Amino acid sequence: MIALVFQLLHWAIQIYMMLIFIWVLMSWLPGAYQSAFGQWLTKICQPYMSWFRFIPPILGIDFSPILALLVLELCSNGLTYIEALLFGVTVYG
């Protein structure tokens, strides 16, 4: 049961990382944020991304999504490590 919870959390983090990646790529498409999908994705991604907006853009490039994705990856790795400690095996490689 606990293993299932860890697996669901791991999948949720991976899906959220993918949604953030798609949200960032949408900035290259004019009017993408105004679509229904873009507005939905903004509602999901913007609250988390706002934590990392303290990083100023450098030469017009916003590096806050990189930090946000790195933090999520570290959380995912931390969950894997905790799961390995609890069960004594590495599940996700």
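The values are calculated or read from the model by the stated rules, or taken from the named source; none is laboratory data. Since the structure is predicted, the reported quantities are computational estimates derived from the model, not experimental observations. Cβ sites come from the backbone with ideal geometry, for glycine too, and all protein chains shown count toward neighbours. We work out accessible area using only protein heavy atoms, side chains counted, and drop any ligands, DNA or RNA first. Shrake-Rupley method; radii C 1.70, N 1.55, O 1.52, S 1.80 Å.
Side notes on the structure shown:
- Residue match in region 27-40 (condition: buried (at least 16 other Cβ atoms within 10 Å of the Cβ), part of a helix (DSSP H, G or I) and in contact with a Ser or Thr (Cβ under 9 Å, 6 or more places away or on another chain)): no
- Residue within region 10-18 that is open to solvent by less than 90 Å² (accessible area, probe 1.4 Å) and either modelled with pLDDT under 95 or outside any helix (DSSP H, G or I) (or both) present: yes
- Of all the residues in region 24-40, those that are within 28 Å of THR80 (Cβ to Cβ) and at pLDDT 95 or above number 0.
- Count of region 41-86 residues which are part of a helix (DSSP H, G or I) and either open to solvent by less than 90 Å² (accessible area, probe 1.4 Å) or on the phi > 0 side of the Ramachandran plot (or both): 27
- Unique residue being touching a residue at least 60 places away in the same chain (Cβ under 8 Å), aromatic (Phe, Trp, Tyr) and assigned to a helix (DSSP H, G or I) when the list is PHE6, PHE21: PHE6
- Filter pass, TYR92 being open to solvent by 40 Å² or more (accessible area, probe 1.4 Å), aromatic (Phe, Trp, Tyr), at pLDDT 95 or above and in contact with a helix residue (DSSP H, G or I) (Cβ under 9 Å, 6 or more places away or on another chain): no
- Pair list, Cβ under 6 Å, 6 or more apart: region 58-70 residue touching a residue at least 12 places away in the same chain (Cβ under 8 Å), other residue open to solvent by less than 60 Å² (accessible area, probe 1.4 Å) and part of a loop (DSSP other than H, G, I, E, B): SER64/ILE55
- Residues of region 34-57 classified as in contact (Cβ under 8 Å) with a residue 24 or more places away in the chain and not hydrophobic (A, V, I, L, M, F, W, C), total: 1
- Number of the exception - PHE52 against (1) at pLDDT below 90; (2) in contact with a helix residue (DSSP H, G or I) (Cβ under 8 Å, 6 or more places away or on another chain): (1)
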